[in-house]
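**Q** Structure below; questions to follow.
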């Protein structure tokens, strides 16, 4: 199975071209679109969407991601082999959130010209490099055949957590359609397993919140914190828009203290 995540949209022929390349190499490929509606050039959004969806696909799935503002530059094309599957795309951090959660085993740079299209355009690595790599992986070509192993893939800031005394410092990873503020923190980042209340410091608000299991544990239009369905810590407003109420934007710092 091969999944596709991109910012190409559906108006242009780009997604179809990539699928055509894959099916030419591997006519029996099973293709699943996670989404092609990522905001243009938004690496962070693509990383969150991929990390949210990838755990629910079968072992051995190849996840192909093309959100690539630096296409054609010196940024590397890579393949990540995890304990559960494979990730193919640009070395700009877009793959790391999902791959790390599955346990990274190897990272290879895509340099083997025999596993690319015969003509590679600098502006369309998704079709000419990444799509062929995904197809060849899915038919059983070994990861090590694509190029040299590398040890220094790009680690974006949104995959990192800092700890100071009793506080955990992260950032706003995503704001969903309900206005829920989704952070890059997971339960393992909070040392206390019996948390009842947490302090949350946002750029323009300081909140003391009940740590809950459901949104409805708060009164309507009241804030609450919980671990959402994708495993990340969220600040939410029951039947309201927390991001709008607290004027929070993606990428802003957030400090959490549990007690």
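Bear in mind these aren't lab numbers, they're just calculated from the coordinates by the rules spelled out. What you see is a predicted model; the values in this text were computed from it and never measured. Backbone-built Cβ (ideal geometry, glycine too); neighbour counts: all protein chains shown.
**Q** What is the calculated FRET efficiency for residue 255 to residue 114, with r their C-beta to C-beta distance and R₀ = 51 Å, to the nearest 0.05?
**A** Rounded to the nearest 0.05, the efficiency is 0.55.
**Q** For the range 153-258, restrict the atom set to alpha-carbon positions and state the Rg and Dmax in Å.
**A** 12.8, 44
**Q** Based on alpha-carbon centroids, what's the gap between the range 153-188 and the range 60-123 in Å, whole number please?
**A** The range 153-188 and the range 60-123 have Cα centres spaced 23 Å from each other.
**Q** Beyond 21 Å, what percent of the Cα pairs of the range 34-154 remain?
**A** Result for the distance tail: 30 percent.
**Q** How many percent of the alpha carbon pairs in the range 93-224 exceed a separation of 20 Å?
**A** Result: 62 percent of Cα pairs exceed 20 Å.
**Q** Still on this model: GNM on the chain, C-alpha springs below 10 Å: top fluctuator among 164, 149, 81?
**A** Top of the fluctuation ranking is 164.
**Q** For helix 43-53, what angle does its Cα long axis make with the longest principal axis of the chain, in degrees from 0 to 90 and rounded to 10?
**A** Taking Cα atoms only, the helix is inclined about 90 degrees.
**Q** Oh, and also: Under 19 Å from a label point 7 Å along Cα→Cβ of residue 30: give me every residue in the range 86-124 with its amide N that close.
**A** 86-88
**Q** Please work out how much length the chain gains when fully extended from residue 222 to residue 100, using 0.36 nm per residue of separation minus the C-alpha to C-alpha distance, in nm with one decimal.
**A** That pair, residue 222 and residue 100, stretches by 40.5 nm at full extension.
**Q** Can you give the extra length, in nm with one decimal, that the chain gains between residue 199 and residue 178 once fully stretched, where that is 0.36 nm per residue apart less the Cα-Cα distance?
**A** Taking residue 199 through residue 178 to full extension adds about 5.4 nm, to one decimal.
**Q** Starting from the Cα of residue 70, step 7 Å toward the Cβ, then list every residue of the range 110-130 with an amide N under 20 Å from that point.
**A** 110-112, 121-130
**Q** Springs between alpha-carbon atoms under 10 Å, Gaussian network over the chain: tell me which of 204, 83, 239 tops the mean-square fluctuations.
**A** Comparing 204, 83, 239 in a Gaussian network model of the chain, the most mobile one is 204.
**Q** Here's something else I'd like to know. What is the helix-to-structure angle for 14-25, meaning the angle in degrees between its Cα long axis and the longest Cα principal axis of the chain, kept from 0 to 90 and rounded to the nearest 10?
**A** It is inclined by approximately 50 degrees.
**Q** So, in nm, how far is label residue 142 from label residue 245 when the simple model puts each one 7 Å beyond its Cα toward the Cβ?
**A** About 5.6 nm separates the two model spin labels.
**Q** From the helices alone, meaning DSSP H stretches of at least four residues, give me the mean residue ellipticity at 222 nm for the chain, per-run term -39500 (n - 2.57), in deg cm²/dmol to the nearest 500.
**A** Computed ellipticity for the chain at 222 nm equals -4500 deg cm²/dmol.
**Q** Using the 10 angstrom Cβ neighbour count as an exposure proxy, how do 41, 246 rank, fewest first?
**A** 41, 246
**Q** Let me ask something else. Which order results if 22, 34 are arranged by neighbouring Cβ count within 10 Å, fewest first?
**A** In order of increasing Cβ crowding within 10 Å: 34, 22.
**Q** Let me ask you something else. Fewest to most neighbouring Cβ within 10 Å: what's the order for 113, 50?
**A** Listing 113, 50 from fewest to most nearby Cβ atoms yields 113, 50.
**Q** Among 44, 75, 127, which one shows the highest mean-square fluctuation when the chain is modelled as a Gaussian network with alpha-carbon springs under 10 Å?
**A** Looking only at 44, 75, 127, the largest GNM fluctuation is found for 75.
**Q** Semi-axes of the chain's equivalent ellipsoid from the Cα gyration tensor, sqrt of 5 times each eigenvalue, largest first, rounded to whole Å?
**A** Equivalent ellipsoid of the chain: 37, 18, 16 Å, largest first.
**Q** May I pose another question? I want the antiparallel fraction of DSSP beta bridges within the chain, as a percent rounded to 5.
**A** 75 percent
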